[in-house]
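J.: Below is one structure. I have some questions about it.
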Amino acid sequence: MLQEVGLLLSLCAVMLSGPLSVSDTPQTRESACALVADALKEFHKLRPGDSREHLERIFELDGGLQSSTRSRYAFKRCRFVKVDIEFSATRAESPGFPLPTDKIVNLSRLYLEEPVYD
């Protein structure tokens, strides 16, 4: 729990450490931290064994090179918040093709990174 609180504070600090803009107000700061808190809340609902379909309700595939067994996902509400996911394929005869039924084997911690667009 202490690690998650530290991560949340770090993410908020990073999001707010850029140059101040005209629209930078206490309300926008609170909103940014609330968004990060929502990402953490949704992330903590994920478990190994959950399906790719379940994951893709909240996170979406990031751009760039991906594979069916290892993929990078971005939080739908803020594509800067990401997680790396390892899957076990549910259909051995088509190993390179991701399926909604693929199961999560491992999740990284959440991290911040620029969105990747193809």
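J.: Taking other Cβ within 10 Å of each residue's Cβ, how do Arg57, Arg79 sort, fewest first? Working shown, then result.
T.: Values: Arg57 10, Arg79 18.
Fewest to most other Cβ atoms nearby, the residues stand as Arg57, Arg79.
J.: So what is the orientation-averaged projected area of the stretch 34-73, using the convex hull of its C-alpha atoms, in nm²?
T.: Numbers: hull surface 12.8 nm².
So the mean shadow area of the Cα hull is 3.2 nm².
Read-outs: derived from the displayed coordinates by stated rules, not from any lab. What you see is a predicted model; the values in this text were computed from it and never measured. Using ideal geometry, Cβ is built from the backbone for each residue, glycine included, and neighbour counts are taken over all protein chains shown.
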